[in-house]
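Reviewing the structure listed below.
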2 protein chains.
Amino acid sequence: MLHATSLFAYPTMDHLPAAMAIEIFHNFTLLHDDIMDKADVRRGLPTVHKKYSENAAILSGDAMSILAFKYLAQENSASLPDILNLFSDTALEVCDGQQMDMDFESSSTVTIAEYLEMIRLKTAVLIASSLKIGALVSNAPLSDANLLYEYGINVGLAFQLQDDWLDVFGDPAVFGKKQGGDICANKKTYLLLRAIEKADQSSLAILTEWIEKKEFNPIEKVAAIKGVYEQTKVSEETHLLMLTYQNKALAALGKLAVSPEKKMVLEAFALEATERMK
Amino acid sequence: MLHATSLFAYPTMDHLPAAMAIEIFHNFTLLHDDIMDKADVRRGLPTVHKKYSENAAILSGDAMSILAFKYLAQENSASLPDILNLFSDTALEVCDGQQMDMDFESSSTVTIAEYLEMIRLKTAVLIASSLKIGALVSNAPLSDANLLYEYGINVGLAFQLQDDWLDVFGDPAVFGKKQGGDICANKKTYLLLRAIEKADQSSLAILTEWIEKKEFNPIEKVAAIKGVYEQTKVSEETHLLMLTYQNKALAALGKLAVSPEKKMVLEAFALEATERMK
């Protein structure tokens with residue numbers, strides 16, 4: 001958000017409340033998602049509901065969501081109604097994305113298109129709106145604000161694909177989450193959906209067997225499914241799709257009516273999304 | 001909220017979004033409170049987390065909280081920042097009240113003053129803010145908006161005391177909640193706290209015995225504690241305290257600079273708070 005602001009204005013303390021609103025909102029969604037996903041670890045530390053209690057995590061999350069709106073409402077400009085509207089629409093989309101994500105767990109017919117729509121809602125729209133809000137608070141032209149939104153959607157999609165990839169192939173000590181968490185929870189990631197599409201009969205049997213097993217050794221399950229991912233080469237395919245989104249993000253950034261030097265941070269951010277290890 | 005608006009302006013469709021915001025916010029708090037309190041029944045029907053799932057209740061509540069702010073932000077007046085600020089402060093107070101309420105469950109040293117502060121936060125401030133927001137959207141003088149807030153706090157306190165009373169002495173078929181729910185959950189209500197203060201040694205022993213019992217027959221527990229409430233006459237005392245708050249509410253209403261005819265609905269509402277059976 002502040003990077004977007006700095007493209008059009010010198011960021012000051014006046015821009016902080018909106019940035020804090022976005023940061024607090026994002027962390028609220030993590031608190032509640034971790035309850036819903038029964039996640040024990042976040043950023044290498046116990047999750048709030050594990051360390052304190054589920055009730056504490058529900059209520060702290062609620063308060064953080066409200067606090068986000070309180071900070072956003074401090075934005076002292078004529079665009080306050082537009083910003084509030086964009087932010088609340090985005091927040092509702094994030095909820096829709098989380099619901100889709102949970103629905104996918106019990107669905108056996110998730111398509112790649114549905115998966116991409118889910119990660120657009122759950123991850124990409126918040127990055128996109130942060131950038132657009134950053135532009136709006138510095139009175140940028142609407143065309144530039146919308147290009148930043150487009151950039152953000154594509155960086156967000158690339159970011160989430162990398163997140164799925166890191167869950168399987170990342171170093172848990174660096175990534176900060178338990179390795180194979182998505183695999184154990186039967187999350188319909190791009191890796192799994194493409195592996196199902198590409199697997200031969202024997203690999204498909206392995207996937208089906210482990211997905212349907214109610215009781216299992218997590219290390220064995222992760223190793224078995226990772227083996228199929230390697231055999232079907234979905235790791236490489238995921239990387240290619242990430243590059244496609246990265247290029248779309250860079251193209252949107254290219255059209256932005258600001259000097260090339262000012263775009264450098266967001267250029268680097270788009271590149272980082274597919275290279276990050278945590 | 002709309003009653004407050006109608007004291008100063010003719011309510012129109014323009015006033016509806018703010019009223020909807022308050023109604024949706026209130027219902028969001030009920031969804032999440034029912035999870036935290038493990039309540040099975042609300043308004044005579046299964047609670048959302050019972051009927052669907054806890055995750056559905058968490059996420060629907062989150063979306064409703066966001067939707068409340070979305071509607072509130074549609075308020076098309078110069079007082080939008082003030083209204084958003086009052087609403088988010090109130091919403092945070094409601095969360096504080098719920099946290100206090102939960103903390104009380106595991107505390108053995110709750111004072112009457114702490115209990116009254118808890119119900120002020122958990123119940124009264126939302127009624128008070130609804131009325132104040134209703135006044136602000138119709139450009140009422142700030143002095144009148146503040147008198148309505150004072151009226152709302154006192155009606156809210158009376159309302160919650162009646163709610164505690166109905167849990168024990170109400171007709172569950174009319175009230176819509178399981179009778180004695182507060183007693184079974186060891187809720188530190190005004191009735192219980194005053195009964196502990198007033199009980200003789202043998203009654204105190206009965207209270208302590210049932211509060212500490214991990215396994216119990218709910219019907220027996222409710223009957224035993226209700227017996228102590230009757231013996232200590234805390235039912236009558238609760239009613240007297242309700243009347244005190246009711247009188248304060250009516251006094252604030254009396255000072256309001258609007259015609260007596262216009263005040264009639266809010267006068268009746270204050271009287272109803274202590275007479276309602278559901």
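The values are calculated or read from the model by the stated rules, or taken from the named source; none is laboratory data. Please read these numbers as outputs of a predicted model, since none were measured by experiment. Every residue, glycine among them, receives a Cβ derived from its backbone with ideal geometry; neighbour counts consider all protein chains shown.
Here are some notes:
- Residues that are loosely packed, with under 13 Cβ neighbours inside 10 Å and not aliphatic (A, V, I, L, M) were ranked within region A:214-226; the one that is nearest to residue A:165 (Cα to Cα) is A:220.
- Residues in region B:227-256 that are of a type in the set (D, E, K, R) and surrounded by 13 or more Cβ atoms within 10 Å (Cβ to Cβ): 3 in all.
- Residue within region A:48-69 that is within 8 Å of chain B (Cβ to nearest Cβ), β-branched (Val, Ile, Thr) and free of Cβ contacts under 8 Å to residues at least 60 places away in the same chain present: yes
- Output for region A:13-51, where each listed residue is in contact with an Asp or Glu (Cβ under 8 Å, 6 or more places away or on another chain), farther than 16 Å from residue A:72 by Cβ, part of a helix (DSSP H, G or I) and hydrophobic (A, V, I, L, M, F, W, C): A:35, A:48
- Residue in region B:232-244 that is in contact (Cβ under 8 Å) with a residue 60 or more places away in the chain and either touching an Asp or Glu at 6+ places or on another chain (Cβ under 6 Å) or of a type in the set (Gly, Ala, Ser) (or both) present: yes
- One residue stands out in region B:79-118 among those that are among the β-branched types (Val, Ile, Thr), crowded, with 21+ Cβ neighbours inside 10 Å and in contact (Cβ under 8 Å) with a residue 60 or more places away in the chain: the one that is nearest to residue A:73 (Cα to Cα), namely B:83.
- Among (1) under 23 Å from residue B:270 (Cα atoms); (2) without any contact (Cβ under 8 Å) to a residue 60 or more places away in the chain; (3) assigned to a helix (DSSP H, G or I) - the single one residue B:10 does not satisfy: (3)
- Selection count where residues are within 14 Å of the chain's Cα centre (by Cα) and away from chain A (no Cβ under 12 Å), scope region B:92-120: 6
- Count of region A:180-207 residues, restricted to those that are part of a helix (DSSP H, G or I), touching a helix residue (DSSP H, G or I) at 6+ places or on another chain (Cβ under 9 Å) and of a type in the set (Ser, Thr, Tyr), is 2.
- Just one of the numbered conditions (1) surrounded by 20 or more Cβ atoms within 10 Å (Cβ to Cβ); (2) among the acidic types (Asp, Glu); (3) in a helix (DSSP H, G or I) is not true of residue A:75: (3).
- Enumeration of residues in region A:30-44 that are away from chain B (no Cβ under 12 Å) and either in contact (Cβ under 8 Å) with a residue 60 or more places away in the chain or more than 19 Å from the chain's Cα centre (by Cα) (or both): A:39, A:40, A:41, A:42, A:43, A:44
- With respect to the conditions (1) in a helix (DSSP H, G or I); (2) modelled with pLDDT of 90 or more; (3) over 15 Å from the mean Cα position of the chain (by Cα), residue A:140 falls short on a single one, namely (1).
- Residues within region A:70-91 that are among the hydrophobic types (A, V, I, L, M, F, W, C) and either in contact with a strand residue (DSSP E or B) (Cβ under 8 Å, 6 or more places away or on another chain) or at the interface with chain B (Cβ under 8 Å from one of its Cβ atoms) (or both), tallied: 4
- Flag if residue A:133 is within 17 Å of residue B:59 (Cα to Cα), surrounded by 18 or more Cβ atoms within 10 Å (Cβ to Cβ), at pLDDT 95 or above and β-branched (Val, Ile, Thr): no
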